[in-house]
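No lab work stands behind these numbers, since they all come straight from the coordinates. Computed from a predicted model, the values in this text were never measured in an experiment. Cβ: placed from backbone, ideal geometry, glycine included. Neighbour counts: every protein chain shown.
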Amino acid sequence: MKRIRIKRSWFLAVSAWAIAAFAAPLDLGKLPLPVPRKVDFEKEVYPIFSEKCISCHGPKKQKGKYRIDTKEEAFKPGAGGSFILPGNSEKSSLIHIVAGLIEEGLMPPPSEKKGESEPLSKEQIGILRSWIDQGAVWPDGPIKEYVKKITFKEDVLPLLVSACASCHGATAQEGDFRVDSRDAILAGGKAYGKVIQPGNVEKSTLLLIVAGKDEDLPQPEKHTLRPKEVELLKNWVQQGAE
Ligand code: HEC
Ligand code: HEC
């Protein structure tokens, strides 16, 4: 608790300072450059917020009293003014924050927990910068959550091979189930039969298995994937398991 308080005072002091346009304390030369193309809010920008920010700044939690899941909230000014200045990414404190320019103010905050605490990549910061420079357009109304097209060869196969092929591949075929080709995965196993029904998430028992919800298989820890990986497989099934 105490640490967060210290952080907060730092954070507010410094960002308010920056906005007040005193001698610039921020090294703007360290900012990754905007990507040199038109960016798409729903396909490129919102997914970054969704993956990196909304767990703490959305409907469930509003850390720092800030939300970035709706247009109104995202543009609402904080103590030091608005975090997003349409047309000027270099002066937008949101960019300073995600680029780690503000001491102790990096978002997402570093932590031991994997996934949500990884800093944004240069490319992601570049996308946010271009979006702001191009006017920070955020269409009115609900956002269509954009789900990337999952491909078997690039997304699904490497994941299953690395997690499962030691027991379900060329050297071992527990339960006559193999994960090293799409045909084999769709064929299923000895006891479970088909574990994927393309297009049908409810009937695809593989999703229950990897989510740790099947109690009959041995070695449950070997059968459980991380939430993000389960989500990927779910989207793959939903998109037709092609
Ligand atoms: C794990 C939780 C977590 C994640 C993820 C996270 N934040 Fe934060 N954020 C916080 C906390 C905690 C504070 C309050 C920090 C403080 O006051 O020192 C905060 C404060 C902020 C503030 C300042 C609000 C104010 O009025 O001072 C902004 C802006 C912000 N975050 C943006 C983001 C953005 C953008 C992302 C994603 C790139 C993000 N945060 C991801 C926890 C998180
Ligand atoms: C350490 C070995 C091991 C690993 C790794 C492993 N499994 Fe298994 N799996 C087993 C064993 C043992 C069985 C039970 C075989 C039996 O009953 O004959 C099994 C059974 C299964 C079955 C049921 C097959 C049938 O009988 O119809 C499925 C589906 C399955 N595993 C999927 C997976 C997936 C997906 C992964 C990776 C996320 C995975 N397994 C990782 C050992 C493993």
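Computed about the Cα centre, the dipole magnitude for the chain is approximately 760 debye when only Lys and Arg (+1) and Asp and Glu (-1) carry charge, each at its Cβ. Shown is the FRET efficiency for residue 118 and residue 213, computed with R0 = 30 Å from the Cβ-Cβ distance and rounded to the nearest 0.05: 0.65. Overall size of the chain from C-alpha positions, given as principal axis extents largest first: 70, 41, 31 Å.
Among the GluC sites (Glu not before Pro) within region 123-223, those in coil by DSSP and having at most 13 neighbouring Cβ atoms inside 10 Å are 145, 202, 215. When the helices of the chain are scored as -39500 (n - 2.57) per DSSP H run of n ≥ 4 and the total is divided over every residue, the value at 222 nm lands at -9500 deg cm²/dmol. Just checking the listed ones, 187, 136, 74: in the Gaussian network model of the chain with Cα springs under 10 Å, the one fluctuating most is 187.
Assuming R0 = 41 Å, can you tell me the calculated FRET efficiency for the pair residue 144 and residue 90, based on Cβ-Cβ distance, to the nearest 0.05?
It comes to 0.85.
Here the extension length gained between residue 186 and residue 65 equals 38.9 nm, from 0.36 nm per residue of separation less the Cα-Cα distance. The spread of Cα positions in region 100-237, taken along each principal axis and listed from longest to shortest, comes to 56, 34, 26 Å. Each of residue 151 and residue 203 was given a label point 7 Å from its Cα along the Cα-to-Cβ line. The distance between the two points is 2.9 nm.
Return the subset of 190/222; 71/144; 38/148; 149/213 for which the Cα-Cα distance in this structure is over 21 Å, preserving the input order.
In this structure, 149/213 lie more than 21 Å apart at Cα.
Would you mind counting up the charge near residue 192? Only other residues with Cβ under 15 Å from its Cβ, with Lys and Arg at +1 and Asp and Glu at -1. Residues close to residue 192 contribute a combined charge of 0. Counting only lysines at least 8 places from residue 65 when in the same chain, those with an alpha carbon closer than 23 Å to its own are 2, 7, 52, 76, 91, 113.
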